[in-house]
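The values are calculated or read from the model by the stated rules, or taken from the named source; none is laboratory data. Since this is a predicted model, take the numbers as computed values, not measurements. With ideal geometry, Cβ positions are generated from the backbone for all residues, glycine too; neighbour counts draw on all protein chains shown. These area figures cover heavy atoms from the full protein model, side chains too; ligands, DNA and RNA do not enter into them. Shrake-Rupley method; radii C 1.70, N 1.55, O 1.52, S 1.80 Å.
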Amino acid sequence: MPAMPSPTVAPLPDRPILVVDDDAKIVRLVRTYLERDGFAVVTAADGPAALDAIERHRPALVVLDLMLPGLDGRAVVRAVRGDDAAAATPILIVSARGSTLDRIAGLEDGADDYLPKPFSPAELVLRVKSILRRSPPAATDATSRPPLTLADLTIDLDRYEVTRAGRPIPLTRVEFRLLTSLIEAGGRVLTRDQLLDAVYGQDGADVLDRTVDVHIGRLRDKLGDDADDPRYVATVRGIGYRAAIP
């Protein structure tokens, strides 16, 4: 009987996961579960220390509480997204503020995902792996792909880079995948469910439909797009979105 193929396992990142929480018990719990799966972990207990750790370690992902001393988590997210060198760093918010409005606010600030407390540590690890699977693959000659274009946008699929008229536009991984999914659809309308599937895959079952609208809004802001007269992303009311291809 032929041997069954081994399941594909995503390689571990060469940079650590940063865990930010002022509750030492939660930090130990999260660190234990992440390290069991082979991740290197660094920690911070307040907002300023988190920003310092991001600058020093350039983490592969940040697990971030919102209610932090010194500088709250939302301010940390905004600071990271405003820093060109760190703007693409994936951020998973883990917070006791678990209402729909809180989750939407965190996503509007630029978080990639949001996990309310109390949470299952095993689920947190799955969320981390899911976000990292959406990270850019290492570029090689064998996987080199031609860039996508839309109006004056150029999208380098291997480098995860977007430029407009030659100027770089830093996008989060979610924003990048939304943009590429719309362009690759060639002007076809994609529903919110289709976009959630493109961005989150099977891990998107518990993600709010409103999440797509929030990320599309942030994407438009970064592109300088006008929802009423779109150059890049057009809304099809009651259905979803499409690339603004004539």
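Things worth noting here:
- Rounded tilt (10° steps) of 100-109 against the dominant C-alpha axis of the chain: 70
- Accessible surface, per residue, of the stretch 61-172 when the full set of protein chains is kept, probe 1.4 Å, Å²: 45
- Here is the size of the chain from its Cα atoms: Rg then Dmax, 18.4, 61 Å.
- For the chain, calculated [θ]222 nm from helices alone, where every DSSP H run of n ≥ 4 adds -39500 (n - 2.57): -11500 deg cm²/dmol
- C-alpha long axis of helix 173-184 to longest principal axis of the chain, angle in °: 20
- Dipole of the chain [Lys/Arg +1, Asp/Glu -1 at C-beta], most positive-end residue of Gly47, Leu66, Val27: Val27
- The lysines within cross-link reach of Lys25, meaning a Cα-to-Cα straight distance under 19 Å and a gap of 8 or more places when in the same chain, are Lys117.
- The chain, accessible surface, carbon-and-sulfur percent (1.4 angstrom probe): 51
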